[in-house]
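Below is one structure, written out as C-alpha cells, with a few remarks after it.
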Amino acid sequence: MDDTISLVLFSGTDDRLQAAAVMTAGAAAVGKTVHLFLQYWALDAFRADRIGLDHGLSPEAGPDGAAAVAAAAAAGQASWAETLRQAKEIGAVDIQACSLSMDILKLELRDLDPMVDGAEGVTAFYLNTGDGPVLFI
C-alpha cells in the first residue's frame, strides 16, 4: 500500500481545518506523504487576506466546543495555518487548490497563502492519491 494520505478539505471552519492540520502534521511526522486538496469553503479560508481571520466553528461544536477551542487558543495552541506550515517543514506535504473551486470563487493562485503549492483538477487529484486512503473533511 502507498504511504500517501490524501485529504479533501471542503469545510472552512476553524475546528475542521485544525483537525485536518493535526492529522497532516501527525502523518508528516511519521514519514507519510500528505496531499491536501482544497475545495470551496476550505479554499476560501486559504485566501492570503483571510487566512488569519476567525472562520467560525462547525454547528455541532456548540457553546461548549467554542469555549474549549477558545481555551486551547488562549493556552497557546497553534492555529491551523501555523500547524500546516510546521507540517510542511517536517515532511512531504503538498497543498493543491481545486481548479474548479478557484473558478467558482474567482480566485487566482496569487490570491492564496503561499503555503498553497498549486492548483489541480479532480482528475489530477485522483492520479496523485496513489493507493493510499482519501479522507474528506
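For the reader, a short list of remarks on this structure follows.
- Flag for residue 16 being surrounded by 15 or more Cβ atoms within 10 Å (Cβ to Cβ), among the basic types (Lys, Arg) and more than 21 Å from residue 129 (Cβ to Cβ): no
- Exclusive hit being in a helix (DSSP H, G or I), of a type outside the set (Lys, Arg) and at pLDDT 90 or above, set 25, 71: 25
- Residue that is part of a strand (DSSP E or B) and within 17 Å of residue 15 (Cα to Cα), where the choices are 36, 84, 53, 57: 36
- Assessment of region 97-120 against the conditions (at pLDDT below 95 and either touching a His at 6+ places or on another chain (Cβ under 6 Å) or in a loop (DSSP other than H, G, I, E, B) (or both)) yields no matching residue.
- Verdict on residue 94 being in contact (Cβ under 8 Å) with a residue 60 or more places away in the chain, in a loop (DSSP other than H, G, I, E, B), among the acidic types (Asp, Glu) and farther than 14 Å from residue 12 by Cβ: no
- Just one of (1) of a type in the set (A, V, I, L, M); (2) within 22 Å of residue 120 (Cα to Cα); (3) touching a Gly at 6+ places or on another chain (Cβ under 8 Å); (4) in contact (Cβ under 8 Å) with a residue 40 or more places away in the chain fails for residue 45. It is (4).
- Flag for residue 42 being closer than 22 Å to residue 100 by Cβ, at pLDDT 95 or above and small (Gly, Ala, Ser): yes
- There is no residue in region 40-49 that is basic (Lys, Arg), assigned to a loop (DSSP other than H, G, I, E, B) and surrounded by 13 or more Cβ atoms within 10 Å (Cβ to Cβ).
- Some residue of region 20-38 being surrounded by 16 or more Cβ atoms within 10 Å (Cβ to Cβ) and in contact with a Cys (Cβ under 9 Å, 6 or more places away or on another chain): yes
- Residue within region 87-105 that is surrounded by 13 or more Cβ atoms within 10 Å (Cβ to Cβ) and within 14 Å of residue 17 (Cα to Cα) present: yes
The values are calculated or read from the model by the stated rules, or taken from the named source; none is laboratory data. Because the structure is a prediction, the values reported are computed rather than measured. Positions of Cβ are generated from backbone atoms using ideal geometry, with glycine treated the same way; all protein chains shown enter the neighbour counts.
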